[in-house]
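All remarks here apply to the structure that follows.
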């Protein structure tokens with residue numbers, strides 16, 4: 001009996017109408033909802049034109065008519081490799097990493113002017129990154145790119161901000177990840193550094209030798225003076241005084257030899273000559 005009633009029930013056209021209506025209602029409800037994840041914005045399109053923006057969370061739109069395009073507003077990273085030339089025409093491969101975010105209050109403008117997010121990364125961000133990198137490296141020699149890396153980076157940051165700022169893209173940070181030159185130039189740099197190290201070592205060795213020589217001279221002079229002082233008797237000193245004496249007596253007597261001392265010294269000198 002129950003089986004017969006169930007068969008009649010499912011074969012009834014009304015039942016299928018109700019089922020279809022329920023399914024349609026569920027689809028309609030789902031189509032009218034917009035679920036925006038954290039860190040995203042949703043641009044609502046209606047017949048191809050922008051009809052509004054939905055923030056993160058649950059939102060609504062017209063079912064079957066509106067369409068949601070999602071934009072990530074968190075910080076994103078884009079890394080590129082740019083082959084450029086330095087001021088002195090050396091080939092340089094620069095790897096640049098860009099951290100940026102989409103201006104969250106301008107996602108509708110971004111879609112209207114630049115298109116979908118992944119599209120404008122390939123069409124706008126990457127080419128302008130490469131252009132800015134090539135323009136910056138062309139202002140510096142290959143050696144300056146190495147020795148003035150922070151200055152090069154700061155100039156690159158300013159140039160990238162200029163190129164992307166008008167496109168509602170906010171630059172958070174720019175890093176020069178790696179810089180590579182041609183094998184020939186790299187070898188030349190290494191040889192130059194070795195030559196500078198050898199020259200510095202030779203200069204230091206020369207200074208050390210000069211200092212040691214001066215120290216030996218001072219030591220020898222001190223030793224000679226010590227020997228002279230040890231061998232210089234009081235008699236010799238008095239004799240030297242007599243040889244230098246002009247025959248005039250000093251007006252003030254101190255530790256200078258007296259007349260008696262001089263007489264004794266002359267007598268001793270005469271006896272020694274005999």
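The values are calculated or read from the model by the stated rules, or taken from the named source; none is laboratory data. Note that the structure is predicted; figures quoted are calculated from it, not measured. Positions of Cβ are backbone-derived with ideal geometry, glycine not excepted, and every protein chain shown enters the neighbour counts.
Odds and ends about this structure:
Yes/no matrix, rows are residues, columns are (1) at pLDDT below 90; (2) in the same structural domain as residue 176 (by TED's automatic domain parsing); (3) farther than 23 Å from residue 168 by Cβ:
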{"position": "44", "(1), (2), (3)": "no, no, no"}
{"position": "60", "(1), (2), (3)": "yes, no, yes"}
{"position": "67", "(1), (2), (3)": "no, no, no"}
{"position": "81", "(1), (2), (3)": "no, yes, yes"}
{"position": "90", "(1), (2), (3)": "yes, yes, yes"}
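- The residues of region 36-58 that are surrounded by fewer than 13 Cβ atoms within 10 Å (Cβ to Cβ), in contact (Cβ under 8 Å) with a residue 12 or more places away in the chain and over 12 Å from residue 71 (Cβ atoms), listed by number, are 38, 47, 57, 58.
- The set of residues in region 91-107 that are buried (at least 22 other Cβ atoms within 10 Å of the Cβ) and either free of Cβ contacts under 8 Å to residues at least 24 places away in the same chain or part of a strand (DSSP E or B) (or both) comprises 92, 94, 96, 98, 102.
- Test: residue in region 71-84 that is within 30 Å of residue 180 (Cα to Cα), touching a residue at least 60 places away in the same chain (Cβ under 8 Å), touching a strand residue (DSSP E or B) at 6+ places or on another chain (Cβ under 7 Å) and assigned to a strand (DSSP E or B): yes
- The selection criterion, being assigned by TED's automatic domain parsing to the domain that holds residue 140, modelled with pLDDT of 90 or more and closer than 30 Å to residue 31 by Cβ, does not hold for residue 96.
- Any hit, region 38-61, residues being in a helix (DSSP H, G or I) and in contact with a strand residue (DSSP E or B) (Cβ under 8 Å, 6 or more places away or on another chain): no
- Total residues in region 15-35, condition surrounded by fewer than 17 Cβ atoms within 10 Å (Cβ to Cβ) and assigned to a strand (DSSP E or B): 2
- Residue check, residue 145 surrounded by 15 or more Cβ atoms within 10 Å (Cβ to Cβ) and either free of Cβ contacts under 8 Å to residues at least 60 places away in the same chain or not assigned by TED's automatic domain parsing to the domain that holds residue 54 (or both): yes
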